[in-house]
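See structure below.
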Amino acid sequence: MYDVAIVGCGPSGASLANFLGLYGFRVLVLERAASAYPLPRAVHLDDEVMRVFQAIGLADAINDKVRINAGMHFVDKEQNMLVDWSRPQSIGPYGWYPSYRFHQPDIEAILHQGMTRFSSVDMRWCATLTSVSQTENHALITFDDDGTTAQAKARFVIGCDGARSLVRHYICASKDIVSSDDITRINRDDEMHDLGFEERWLVLDGLLKRPRPDLGDFTIQTCDPDRPSTYARQPGNWRRWEVSLKDDETDDYVRSDEFVWSFLAPRVTADDISIERRAVYTFQSKLARYWRRGRVMIAGDAAHLTPPFMGQGMCIGIRDVANLAWKLAHILRGGAFSILDSYDSERAPHARAYIEMATYLGNLLNSCETADGLRTALSSPQPQADDGQVAGNAKMQSIAPRLGAGIGDATNPLRGYRAPQPLMADGRLLDDFIGLRWGIVSRDVHAPALLRDDICVVSDAHEPALSKMLDDLGALAVIMRPDRYIHAVVEDIKSLSSAVATIPA
Ligand SMILES: Cc1cc2nc3c(=O)[nH]c(=O)nc-3n(C[C@H](O)[C@H](O)[C@H](O)COP(=O)(O)OP(=O)(O)OC[C@H]3O[C@@H](n4cnc5c(N)ncnc54)[C@H](O)[C@@H]3O)c2cc1C
């Protein structure tokens, strides 16, 4: 029996497989395709995702393939600047630059290569899940393994099987078993909350044939109510345009040379760039109603869909699996099953905050064409993160929502926010010292002596960056979960003992 079966090996499934491989669990990964998807979809990732890649030991390889993101300019249809959202060009409090550009096939190749480090990870390409069911003790999956019908038992099944997820259908339809015949019955509206955005957009990915530095490094959001569009600089010679479509424009027409080159004409011509992909997407904002049924769960696009205006779809999915990996490890090492109750309760509101912000931004692109209009919109109330932080105030900011209720004391003021990651005196980042364990960073004299393998205590003695972190948090100690969210910040020794007692054992 496998410990975990992962269905789908896009960025969410591959990241989860790397986590579980590092923990040493027996993992089966099924991927319907014969190899990784060769063309880009996601082009932006943030510091939290780089930190996850650091946790799975792949940040150095990925760092070689990304570009630090300059930021985003909102312009009107004459390309006059409306709002300048420049992103910091220095490493932030979490140990990485806040925002990166990348070419998705590069990152997926590194994630897949990373999985080969672990003999306990059994990767099957051309393997399509066809049915799933479960008993009290295990889940049973049937799959087409390159033309042969096969079955496997696993203690947990995680559906990272994308927007048309069969695993989500199993969770939401509440049948004893679902099979591939059910795929035609998948109705996203029944299975997912509609968060209010649905538009067709054309995505053009091209490779420059000659240098065009004048295109610039900033993402350009053109606020033209008649034809909103986005330009994005990617690593190397890749460039991306995303173009809003009208209802009467057919897919064939907008993919034609006539449409593509007339849209691109003010910017580039066929002498400058070869267009490698012309894809029509319906951008949607949706959140699964249920994320778990017993020992079967979903993560990534299977659980949520967002318009790409914040560059967060993949990032949200990678946060899901970082949240899930240590909880699965906890159970597989003998901990209580009930820890899984916190998976969707923590993740769903967090994912929702990003999707609502992206939806808001998409609606803004459609409706604002003047600097005044955009400023007014950005100054008015916007979707709020759980912390009550308003996402913009006549300027754009990224959001940092709080996890929903789950593990830890919700009254602890910083519980559920991301923990900082300072550089240690020996040049290592804090997480590299702690590994996949819980971490307690404490003032030296109060550092608790703990005999638990899953908790790493780090004292601030001779560690000025850790002392500063504790000063900034106004804390005697901070307890960090394995996914690097704050479990508790404590100010005195008595609270430290009681907070340590709430770490799941
Ligand atoms: C135009 C565009 C721009 C985007 N830009 C960004 C961005 O800048 N930043 C960002 O973070 N995100 C972005 N996204 C979103 C991002 O691409 C997705 O959120 C991400 O790829 C989802 O990853 P996933 O692993 O959850 O699902 P997927 O990548 O969809 O992978 C699911 C996998 O499951 C497999 N599968 C499905 N069914 C089965 C089955 N029955 N058996 C076996 N395997 C199965 C599929 O073959 C697939 O490989 C963008 C998306 C689009 C379309």
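Of note:
- The helix-only estimate of mean residue ellipticity at 222 nm for the chain, built from DSSP H runs of length n ≥ 4 each weighted as -39500 (n - 2.57), is -8500 deg cm²/dmol after division by the residue total.
- Stretch in the chain that is longest and holds no GluC sites (Glu not before Pro) that DSSP places in a loop and that have at most 11 other beta carbons within 10 Å: 137-505
- Rolling a 1.4 Å probe over the protein heavy atoms of segment 195-284, with every protein chain left in place, gives an accessible area that is 47 percent carbon and sulfur.
- Beta bridges by DSSP in segment 430-500, antiparallel share as percent, to the nearest 5: 60 percent
- Cβ-Cβ FRET estimate between L140 and T282, R0 fixed at 30 Å, reported to 0.05: 0.35
- Charge tally around D472: other residues with Cβ under 15 Å, Lys/Arg +1 each, Asp/Glu -1 each, net -1.
- Neighbourhood charge, 11 Å Cβ-Cβ cut-off, centred on M297 and excluding it, Lys, Arg +1 and Asp, Glu -1: +4
- For I493 and Y253, the difference between the fully extended length at 0.36 nm per residue and the C-alpha to C-alpha distance is 79.6 nm.
- Cα gyration tensor shape for the chain, rounded if a/c is under 1.5, else prolate or oblate: oblate
- Helices assigned as whole DSSP H runs in the chain whose Cα atoms extend at least 27 Å along their own long axis and whose mean Kyte-Doolittle hydropathy is 0.5 or higher are found at 313-332.
- Relative contact order (%) - criterion: Cα under 8 Å, at least six apart; region: segment 430-500: 29 percent
- For the chain, share of DSSP beta bridges that run antiparallel, in % to the nearest 5: 75 percent
- Prolate/oblate/rounded call for segment 105-204, Cα gyration tensor, a/c under 1.5 rounded: oblate
- Mean sequence separation of contacting Cα pairs (under 8 Å, at least six apart), scaled by the length of the chain, corresponds to a relative contact order of 15 percent.
- Rounded, prolate or oblate (a/c below 1.5 giving rounded, otherwise prolate when a/b exceeds b/c) for segment 430-500 by Cα gyration tensor: rounded
The values are calculated or read from the model by the stated rules, or taken from the named source; none is laboratory data. All values derive from a computational prediction rather than experimental measurement. Every residue, glycine among them, receives a Cβ derived from its backbone with ideal geometry; neighbour counts consider all protein chains shown. What goes into the accessible areas is simple: the full protein's heavy atoms, side chains included, and nothing from ligands, DNA or RNA. Shrake-Rupley method; radii C 1.70, N 1.55, O 1.52, S 1.80 Å.
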